[in-house]
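Structure first, commentary second.
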Amino acid sequence: MNIFVCVKQVPDTETKVTPNADGSFIETSSIKWIMNPYDEFAVEQALLIKQANPAANVTVVRVGSVKDTEALRTAMAMGADDGILVEAGDNLDSFSIAKALKGAIEKSGKTADLVFAGKQAIDDDCLQVPQILAQMLNLPSVAVVVGFELNGTAVKAKREVEGGALEVYEVATPCVIACNKGLNTPRYASLPGIMKAKKKPLAQHSLADVGVSDADRRVKYSGFRLPPEKPAGKKYDATDAGKQRDVVAQVVGLLRTEAKII
Amino acid sequence: MDFAISPEQKEIQELALKFARNEMIPVAQEMDEHGTFPMDIFKKAWELGLCNTCIPAEYGGTGFTSLDGVIISEALAYGCMGMNTSFMANDLALLPIVIGGTDAQKKKFLTPFTEKFQIASFCLTEPGNGSDAAGLKTTIKDGGDHWIINGEKMWITNAGHADLFVVYGTVDTALKHKGICAVVVEGKTPGIELGKKEDKMGHRSSDTRGVRFNNVKVPKDNMLGAVGEGWTIAMKTLDHSRPLVASSALGGAWHALDLSINYAKERVQFGVTISKHQAVQFMIAEMAMKVEAARLLVYKAAWMCDQHMKNTEVASYAKAFAADSCMQITTDAVQIYGGYGYSKEYPVEKLMRDAKLIQIYEGTSQIQRLVIAREVLK
């Protein structure tokens, strides 16, 4: 059984994000990168399956910059067997990323029985890649999954819906599962695991190797800037009982003419 | 000269810090209050390979260097200095075996610690001798085909849970240093009597008590080195363990610094955050300076161990400087928190209580200065 896990490397949750000098992307030089937290649930689920089926092979795939490979190394230190890195800038759109993931999976020569991913990345919060990838691979997919059972080729996936209710989907492998918090408790990478991870195979491809070009971009970023600082609120003094009527009239007037909310 | 830790060490540090933040910090306060031994956390840390870092690879250990060991211990102490004392005590007890044991002894005593979660205790101090370690009174007598141990040990970390003790005693008190021996005693050996758990100011989650050895018989093979080599083994052990103990002070000081920075940026007085007041800025600058200086000393002392250089002097610099700095930094952290800092609702008063012990155990700050003076005035 071949299990693929798609991981993304995102800025640490404590990062203070600022645009870079020319506003073309965020400033990445001082960022500490971590594995997208939702992807940890995806890695853990794949490893749980591997624990029950020792013959299963878990491959982690990531599309992103080669500079820091934190997410791949962490996943392999947790227990994934091998990794694939598709070298790309950090500002690709969801469509290009999904296409690169598909290309990387196909290039591995293995047929995917299961593909896991986090339901969303906590940096751009697009929530699209697993679904686009499933469409491209022509596989069924279930997203926002909080429960997962595998029986032979039968998958039972639970997902949360509005109001706290659970939907249960039955699909057959191969399929794409986008994982949510609550699915499992991700393990730590053990120290022996960290040591072993160094020796695990890590394939590297360029975007061109996996058939992705600039023409695949559906979204182009035109610029990054921080939201304008909120100006301080205005205060109207209505302590003088004699003037209260006038002050109220003035505020109501401004809400109509300036704020235009009534 | 390279001041950077390796990418691998960085990863190890990240893991240990993640463990400290997720597993230790959330429960540290409560375990301190109730004096709860961190059995589950200890076991979990062991499963991840964060404990017993001194065991060489050929005996089933992870094969970490001393520097790796202090990087891990620093991060775990960031989580809780008290819990880290329990973790570290395992290394302290196993180090004499690593240093003075034969191949057969290492296989017999070290390897089980890599296969199953176990706890060890180092027994040197006695009620009547602390700093004057060579004045110990515990006797180790030749009983023919075994050794017989009699005596009382004090302030023994992990004693209440120990599967193995490394005990120092003398064949003849008149021989002073030259009579001292180290023997390994398995925890279940008859004649070991545990004292009551000490009710301490800090490090309350770590188990500390007296242990009495009443005619405890151990096989002849359990002696580390020859008769009279115990003192040398103990001193070499301290050269290795002092950087480790210093790293615990470093971790605690680092945590106090981080907490102080965060608090100073939030707390508003006179219309601005207190981080804008120079009085607070100076305290924080002092803390940052001392944390960095302590780190350099601690890493160097450990690095010297790895290079097989004699590190007695630098290890004492590291131990005294890190412990004294930790005391100053945690005291200032309480000051920065003000009234809140004095309350158990906030984390810094515990750090201040925990810091105090590191100036005392494993050679007081004064003994470290004595060691340093002896070395530099030679």
Legend entry - Net charge of Cβ neighbours under 12 Å - reference B:Ile148; Lys, Arg +1; Asp, Glu -1: +1
Inset, instruction - Would you please give the residues with an amide H less than 5 Å from that of A:Ala203, counting only those at least 5 places away or on a separate chain, with H modeled from the backbone geometry? - result: A:Gly83, A:Ile84, A:Leu85
Inset, instruction - Calculate for the protein assembly as shown the 222 nm mean residue ellipticity that helices alone would give, adding -39,500 (n - 2.57) per DSSP H run of length 4 or more and normalising by residue count, nearest 500 deg cm²/dmol. - result: -13500 deg cm²/dmol
Legend entry - Residues whose placed amide H lies under 5 Å from that of A:Glu27, excluding near-sequence neighbours: A:Thr18, A:Asn20
Inset, instruction - Please check which bits of segment B:310-343 a label hung off B:Glu266 would reach, taking the label as a point 7 Å along Cα-to-C-beta and the cut-off as backbone N under 17 Å. - result: B:333-343
Inset, instruction - Find, among the trypsin sites (Lys or Arg not before Pro) in segment B:42-117, those assigned to loop by DSSP (not H, G, I, E, B) with at most 13 other beta-carbon atoms within 10 angstrom. - result: B:Lys116
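Over 26 Å between C-alpha atoms is what I'm after, so list which of A:Lys196/B:Lys44; A:Lys199/B:Lys108; B:Lys10/B:Lys107 land there.
Values: A:Lys196/B:Lys44 19 Å; A:Lys199/B:Lys108 31 Å; B:Lys10/B:Lys107 31 Å.
In this structure, A:Lys199/B:Lys108; B:Lys10/B:Lys107 exceed 26 Å between Cα atoms.
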Inset, instruction - Quickly work out the B:Ala293-to-B:Leu194 label distance, labels modelled 7 Å from Cα along the C-beta direction, and quote it in nm with one decimal. - result: 4.2 nm
Inset, instruction - Enumerate the amide H contacts of A:Gly147 below 5 Å, restricted to partners 5 or more residues apart or on another chain; note that Pro and chain-start residues carry no placed amide H. - result: A:Lys158
Legend entry - Test item: A:190-196 mean partner chain Cβ contacts at 10 Å: 6
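Could you estimate the translational diffusion coefficient of segment B:83-208 from the Stokes-Einstein equation, with Rh from the Kirkwood formula over C-alpha pairs, at 25 °C and 0.890 mPa s, in whole µm²/s? Intermediate values should be presented prior to the final figure.
Working: Rh = 15.2 Å.
Approximately 161 µm²/s, per Stokes-Einstein.
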Legend entry - Residue-by-residue Karplus 3J(HN,Hα) for segment B:238-249, coefficients 6.51, -1.76, 1.60, Hz, glycine and proline x: 5, 4, 7, 8, 4, x, 5, 5, 4, 5, 5, 4
Inset, instruction - Be a star and scan segment B:215-253 for residues whose amide nitrogen sits under 11 Å from the point 7 Å along the Cα-to-Cβ vector of B:Leu175. - result: B:226-231
Legend entry - Relative exposure of B:Cys123, A:Cys175, B:Cys305, judged by other C-beta atoms within 10 Å (fewest first): A:Cys175, B:Cys305, B:Cys123
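Tell me whether segment B:1-96 comes out rounded, prolate or oblate; compute the Cα gyration tensor, take square roots of the eigenvalues as a ≥ b ≥ c, and use a/c under 1.5 as the rounded threshold. Before the final figure, lay out each step's value.
On the way: a/c = 2.09, a/b = 1.40, b/c = 1.50.
The shape class here is oblate.
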Legend entry - From phi via Karplus (6.51, -1.76, 1.60), per-residue ³J(HN,Hα) for segment B:188-203 in Hz, x at Gly/Pro: 8, 4, x, x, 8, 10, 8, x, 6, 5, 6, 9, 9, 5, x, 6
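Only Cα pairs under 8 Å and at least 6 apart count here; give the relative contact order of segment B:79-130 as a rounded whole percent.
Reported as a whole number, the value is 44 percent.
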Inset, instruction - Would you please give the FRET efficiency between B:Ser343 and B:His146, computed as 1/(1 + (r/R0)^6) with r the Cβ-Cβ distance and R0 = 51 Å, to the nearest 0.05? - result: 0.40
Inset, instruction - List, in order, the whole-Hz ³J(HN,Hα) value for each residue of segment A:53-66 obtained from phi through the Karplus relation with A = 6.51, B = -1.76, C = 1.60 and θ = phi - 60°; use x for Gly and Pro. - result: 10, x, 6, 5, 10, 10, 10, 9, 10, 9, 10, x, 6, 7
Inset, instruction - May I ask you to derive the relative contact order of chain B, considering only C-alpha pairs under 8 Å and at least 6 residues apart, and to give it as an integer percent? - result: 17 percent
Legend entry - Those residues of segment B:148-183 whose amide nitrogen sits under 13 Å from the label point placed on B:Lys217, 7 Å along Cα→Cβ: B:148-149
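None of the figures in this text is laboratory data; all of them are computed from the coordinates on show. Just so it is clear, the structure is predicted and the values come from calculations on it, not from any experiment. A quick note on method: Cβ atoms are made from the backbone with ideal geometry, for glycine too, and the neighbour counts reach across all protein chains shown.
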